[in-house]
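The values are calculated or read from the model by the stated rules, or taken from the named source; none is laboratory data. Keep in mind that this is a model prediction, so the values were computed, not measured. Note: ideal-geometry Cβ built from the backbone for every residue, glycine included; neighbour counts use all protein chains shown.
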Amino acid sequence: METINVKKRKTQFALRKLITPFLLIIVVALLYSIVVFDNWLITLISLAIGTGLFVAYAKLPALKTLITESMRKDRILLLIVGVLAIIAVPLTLRTQPYIIHILIIAQISIILALGLNFQVGSTGIPNLGYAAFYGVGAYTSALLSTKLGVSFWISILLAGCISALFGWLVGLPTLKTRSYHMALVSIAFGLVTYILLNNIAFTGGPNGIKNVPPPELFGKSLFSSLRIFGHTFPVQFNFYYFVLVFVLLAFVVSRFIFNSKVGLYFNAVREDEIAAKCSGINTSTMKLLAFSIGAFFAGIAGSLYAHYIGYISPENFNMNTSLQILGMVIMGGMDNIAGVGIGAFILSVAPEKFRSLADFRMLATGLIILLMLMFRPSGIIKQQIRKYSSKYLMSENSTQGEHHG
Amino acid sequence: MAEICLSANNLTMKFGGLVAIDNVSWALHQNEILGIIGPNGAGKTTIFNVVSGLYTPTSGEIVFKSNIINGLPPYKIAKMGIKRTFQQSRLFDNISVLDNVLVGMATLSKGTLVNSLFRRKRMAKELDENIQKSLGILNHFSPFLAENPYRKAGDLVPGERRKLEICRALASDPDVLLLDEPAAGMDPNESAELMEDILKIRDIRKGIGIILIEHDMAVVQKTADYIVVISYGKEIARGSFAEVSSNPLVQEAYLGSENENA
Amino acid sequence: MNTFLQLLISALLVSSLYSLVAVGFTMYVGVINLANFSHGDTCVLGTFLMMPLFLYATKLGWISASTGLVILILIILLIFLTGLWGAAIYTILVKPLLAAPRLILLLATVAAGQVIREAIRVIYPNGSNPQVFPKLLPSGSLNLSGITLGYDSLTIIFLTIICILSLNFIIQKTKMGVAMRAVSQNADVAQMMGINIEQTIISVFVIGSALAGMAGILNGSYYGITKFNLGSNLGIKGFSAAVIGGLGDFKGAIVGGVLLGFIEVFAAAYIPNGSQYQDVFSFLAVIAFLIFRPSGILGEKIFEKV
């Protein structure tokens, strides 16, 4: 009897150890097939499998605890593999620059979605004209570098700041009004920006701005291809790592703000504005801050886009773009940083794979937002309860009370 | 007599043609529980909304520690030391019990916003102290809340919600606490417990003045030191519970309102 | 002077369309405090439902026979259909989300608008391009001492006035109208008084969407054209008009619509290059109202319920 039990436990133990590697293989395989294969059927099947696994994970509590626990145990392994994968991916795609291009666009989308998340997710303010802030950033940076010859680094900083200033200005008229007024003002701002960009000669009208110079790093243009060990790498290769730095910064800053008091007060404004006021929070300041920070992110993303693609026009920053970014935030999980990143990744990579169905892209975006809001408003990863590492809190025991559902 | 900490002088609040508060005056002393009672629709909650800065009074003044505070925004009034609860509890439902209390401490922070973002070490220490204090307050009113600081506020039962709301208001050591019908919708057992809680507040915060708006006469009788009765926005009586409850005007106002429900 | 009068007629025409859209917006806000951002797309849906109906009627040879009557029947049928659509939007989309935070519901209506727009574009043959919309309104014009009054403009203004007057009658005089006003004052009390809240809300959605459908086909037949994405602009203008008039205020919505129509038409005429920027002017007007008079042109100061 005894020995059988021990044996059983041993095999169980061994099996448990395999869970994380097994998961990793599945995730990497799925990601690889979604990202790399240029065949919409394979992407569709992979997405379906991924969704199925996710639903199983969400609906089966036993599986959920098993996976969460093994992931917690092996988090260092996960981290190492994750970092290696992110660094190594372009190396494997040397001959497929287009796929690296898709990944760069996904990176820019992640920055955008993280920015919008401050407003829609953390503070609960609808912003339906977010693409306009993206556009303000892109145009600021492009104009500065093409008309005045300002360097990339100054341009991107000014792009972020001017966009943040616009965020602050757009927030102003709606401080004393309700959420649907904010929705209206943001749509109006989006439309006005679009109309102005199209009609002002200075911004190039509908033709936009061409020949935006690429950033320079250590005196070398990012458009010069890298040669390592006799292999030539496409220019996308440079940009991938370049933008990656900004993505990591965006994550760090988002996390930082989320964990600070400011993040907590954002949530208080979202949950109940009147109670927040009466608790001593200056809700106007918080809303303006959420608007400015979000717009700053959009401005940075816009600048990166302009200098990467080299050509911008008003069409890049219309209402559809706003809705796509909104979809990323809602799908990923409002007020959950990791979730928003995942949402941005999926919603920017998947459409590229369904190019033959490009006509349905905006319909699909609308349907995804609608279905998510109706059936899983918390998104792929729902917002987490803030945990504090204080000596006064018994961290393990007190998590028991957390609501599962 | 203790010092007056908050008083209203000839307070009037009109909404268009409707006079919600009509020339009402009262004074709240330190360590006192002042009951403001009256039938439904008498204008009790409006008084709190004016005091806490949500409305600006049409005329009259509210004096707090010899400063006139009417017209100030709610967050400034909260910062000065006047905190309140709401009739239908207004908790931050999707964040934790602990976070609710930490938001209640917003007025305590010495650091500015910039500090909270960049002075990490000092902020970490402050946070640690705040957590300790929060748990202390929670424990005072409900050991259950103190043991479950990470529970979502939205998942609490009504009794715990009310307690958490009081904890949130008390977290910043206010000088005045406004309790808006805390016994609304409670059974006799719950309101008995509530009365104890209200009396407890004075133990943890010495010198605090409490204004209690209440419909439930038993709660008022047990807790309030002094009572002002208003009906249709006007004061109709004041004094101890025994005095006001024997007042024929008060009896008429209460009986007359039993049938209407507006 | 003549140009001025001519502009006046154009302004009234635009105002009529905006008012019809704004009334629906303001009613939704009044009854369930919801800004329905799919409302503008309901207008366009109306035009795309009308075109096949009209085509079918032409095929059957009805149009040439007794045009006026057939068109009237078609319009009534369309109002019925868009009204039904309103009921569907409420039942499928709004009702399940009423308990959710308002932000979720608001975003859901935005997404619903996007779905309507894109579904039209994808499903309707050649839907990405502008479609020729049938002339439902009488052609020709009246010439009064140098001013040309198109019969189509006059019909639109006339029909709008009829719609608004009958809606006003419904709100003021009928039992349904009393219920609507009661629910918008205080839903809890209304329920205690025995008013069927659900039925009242549905009727508001039916009426609002029917008027939106009406606005859509009037807009379509005046300009002779419709396109899948016209609804965003029409919806935002309607919502702006409702905000200018004070959300929840029926008369305000009409005043707001008129004001917005006048701003747009006169700005386009009298400001150099104004026609390019007419949308900018109307949005500036809305923002000015939000800053200086957030409760709207007729509205009294809003006191939030605590």
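Of all the residues in the range B:12-35, those that are closer than 15 Å to B:ASN70 by Cβ and either outside any strand (DSSP E or B) or more than 11 Å from chain C (Cβ to nearest Cβ) (or both) number 6.
Based on what the data block shows, is A:ALA301 buried (at least 24 other Cβ atoms within 10 Å of the Cβ), within 14 Å of chain B (Cβ to nearest Cβ) and either assigned to a helix (DSSP H, G or I) or not aromatic (Phe, Trp, Tyr) (or both)? Against the criterion (buried (at least 24 other Cβ atoms within 10 Å of the Cβ), within 14 Å of chain B (Cβ to nearest Cβ) and either assigned to a helix (DSSP H, G or I) or not aromatic (Phe, Trp, Tyr) (or both)), A:ALA301 does not qualify.
Condition check for A:MET328 on (1) under 11 Å from the mean Cα position of the chain (by Cα); (2) aliphatic (A, V, I, L, M); (3) farther than 23 Å from A:ILE257 by Cβ: one failure, at (3). In the range A:50-72, the residues that are closer than 19 Å to A:LEU30 by Cβ and without any contact (Cβ under 8 Å) to a residue 60 or more places away in the chain reach residues that are of a type in the set (S, T, N, Q) and part of a helix (DSSP H, G or I) with C-beta atoms within less than 7 angstrom, at least six apart or across chains, in these pairs: A:SER70/A:THR20; A:MET71/A:THR20.
Does the range C:2-13 contain any residue that is in a helix (DSSP H, G or I), within 19 Å of C:VAL286 (Cβ to Cβ) and either touching a residue at least 24 places away in the same chain (Cβ under 8 Å) or within 14 Å of chain A (Cβ to nearest Cβ) (or both)? Yes, the range C:2-13 contains at least one residue that is in a helix (DSSP H, G or I), within 19 Å of C:VAL286 (Cβ to Cβ) and either touching a residue at least 24 places away in the same chain (Cβ under 8 Å) or within 14 Å of chain A (Cβ to nearest Cβ) (or both). The single condition among (1) crowded, with 23+ Cβ neighbours inside 10 Å; (2) modelled with pLDDT under 95 that A:ALA295 does not meet is (2).
Could you go through the range C:119-132 and let me know if any residue there is closer than 21 Å to C:ILE75 by Cα and within 14 Å of chain A (Cβ to nearest Cβ). Yes, the conditions are met somewhere in the range C:119-132.
The condition of being crowded, with 19+ Cβ neighbours inside 10 Å, within 12 Å of chain A (Cβ to nearest Cβ) and of a type in the set (S, T, N, Q) does not hold for B:ASN139. Being away from every other protein chain (no Cβ under 14 Å) and either over 17 Å from the mean Cα position of the chain (by Cα) or polar (S, T, N, Q) (or both) is a description that applies to C:GLY146.
Within the range A:33-78, the set of residues being over 23 Å from A:ALA358 (Cβ atoms) and among the hydroxyl-bearing types (Ser, Thr, Tyr) comprises A:TYR57, A:THR65, A:THR68, A:SER70. If only residues of the range A:349-405 that are within 14 Å of chain C (Cβ to nearest Cβ) and not in a helix (DSSP H, G or I) are counted, the one that is modelled with the lowest pLDDT is A:PHE354. Determine if the range B:225-235 includes at least one residue that is of a type outside the set (Ser, Thr, Tyr) and without any contact (Cβ under 8 Å) to a residue 40 or more places away in the chain. No, the range B:225-235 contains no residue that is of a type outside the set (Ser, Thr, Tyr) and without any contact (Cβ under 8 Å) to a residue 40 or more places away in the chain.
Comparison of C:ALA285, C:ALA242, C:ALA210, C:ALA215 shows that the only residue that is within 24 Å of C:GLY46 (Cα to Cα), within 11 Å of chain A (Cβ to nearest Cβ) and of a type outside the set (Phe, Trp, Tyr) is C:ALA242.
Residues in the range A:308-325 that are among the hydrophobic types (A, V, I, L, M, F, W, C), in a helix (DSSP H, G or I) and over 13 Å from the mean Cα position of the chain (by Cα) were compared, and the one that is surrounded by the most Cβ atoms within 10 Å (Cβ to Cβ) is A:PHE317.
Against the condition modelled with pLDDT under 85, part of a loop (DSSP other than H, G, I, E, B) and surrounded by fewer than 23 Cβ atoms within 10 Å (Cβ to Cβ), how does B:GLY207 come out, does it pass? It is false that B:GLY207 is modelled with pLDDT under 85, part of a loop (DSSP other than H, G, I, E, B) and surrounded by fewer than 23 Cβ atoms within 10 Å (Cβ to Cβ).
Condition first: within 14 Å of chain A (Cβ to nearest Cβ), surrounded by fewer than 22 Cβ atoms within 10 Å (Cβ to Cβ), over 14 Å from the mean Cα position of the chain (by Cα) and among the basic types (Lys, Arg). Can you find one or more residues in the range B:191-202 that meet it? Checked against the condition, which is being within 14 Å of chain A (Cβ to nearest Cβ), surrounded by fewer than 22 Cβ atoms within 10 Å (Cβ to Cβ), over 14 Å from the mean Cα position of the chain (by Cα) and among the basic types (Lys, Arg), the range B:191-202 yields no hits at all.
The set of residues in the range C:228-239 being more than 15 Å from A:GLY190 (Cβ to Cβ) and either among the aromatic types (Phe, Trp, Tyr) or at the interface with chain A (Cβ under 9 Å from one of its Cβ atoms) (or both) consists of C:PHE228 alone.
Could you check the range C:215-233 and list, in sequence order, the residues that are buried (at least 24 other Cβ atoms within 10 Å of the Cβ) and not hydroxyl-bearing (Ser, Thr, Tyr)? Of everything in the range C:215-233, those that are buried (at least 24 other Cβ atoms within 10 Å of the Cβ) and not hydroxyl-bearing (Ser, Thr, Tyr) turn out to be C:ALA215, C:GLY216, C:ILE217, C:LEU218, C:ASN219, C:GLY220, C:PHE228, C:GLY231. Scanning the range A:191-216 for residues that are among the hydroxyl-bearing types (Ser, Thr, Tyr) and in contact with a strand residue (DSSP E or B) (Cβ under 9 Å, 6 or more places away or on another chain) yields one hit, A:THR203.
Can you confirm whether the range C:250-273 contains a residue that is over 29 Å from C:PHE4 (Cβ atoms), buried (at least 18 other Cβ atoms within 10 Å of the Cβ), facing another protein chain (nearest Cβ under 9 Å) and not hydroxyl-bearing (Ser, Thr, Tyr)? So far as the range C:250-273 goes, no, none of its residues is over 29 Å from C:PHE4 (Cβ atoms), buried (at least 18 other Cβ atoms within 10 Å of the Cβ), facing another protein chain (nearest Cβ under 9 Å) and not hydroxyl-bearing (Ser, Thr, Tyr). Checked against the criterion of being on the phi < 0 side of the Ramachandran plot, assigned to a helix (DSSP H, G or I), in contact with a strand residue (DSSP E or B) (Cβ under 9 Å, 6 or more places away or on another chain) and in contact (Cβ under 8 Å) with a residue 60 or more places away in the chain, the candidates A:TRP168, A:TRP153 yield just one match: A:TRP153. With respect to C:ILE92, is the statement that it is part of a helix (DSSP H, G or I), modelled with pLDDT of 90 or more and more than 30 Å from A:GLU271 (Cβ to Cβ) true? Spelling it out, it is not the case that C:ILE92 is part of a helix (DSSP H, G or I), modelled with pLDDT of 90 or more and more than 30 Å from A:GLU271 (Cβ to Cβ). Against the criterion of being within 11 Å of chain A (Cβ to nearest Cβ), modelled with pLDDT of 90 or more and under 17 Å from B:ILE204 (Cα atoms), B:LYS133 qualifies. Restricting the range C:55-89 to residues that are among the hydroxyl-bearing types (Ser, Thr, Tyr) and in a helix (DSSP H, G or I), which is surrounded by the most Cβ atoms within 10 Å (Cβ to Cβ)? Filtering the range C:55-89 for residues that are among the hydroxyl-bearing types (Ser, Thr, Tyr) and in a helix (DSSP H, G or I), the one surrounded by the most Cβ atoms within 10 Å (Cβ to Cβ) comes out as C:THR82. Note on the range A:277-298: residues that are in a helix (DSSP H, G or I), of a type in the set (A, V, I, L, M, F, W, C) and facing another protein chain (nearest Cβ under 7 Å) total 1.
The selection criterion, being closer than 25 Å to A:ARG376 by Cα and among the basic types (Lys, Arg), does not hold for A:LYS73. Of all residues in the range B:75-86, one or more are of a type in the set (Ser, Thr, Tyr), under 20 Å from B:LEU170 (Cα atoms) and assigned to a helix (DSSP H, G or I).
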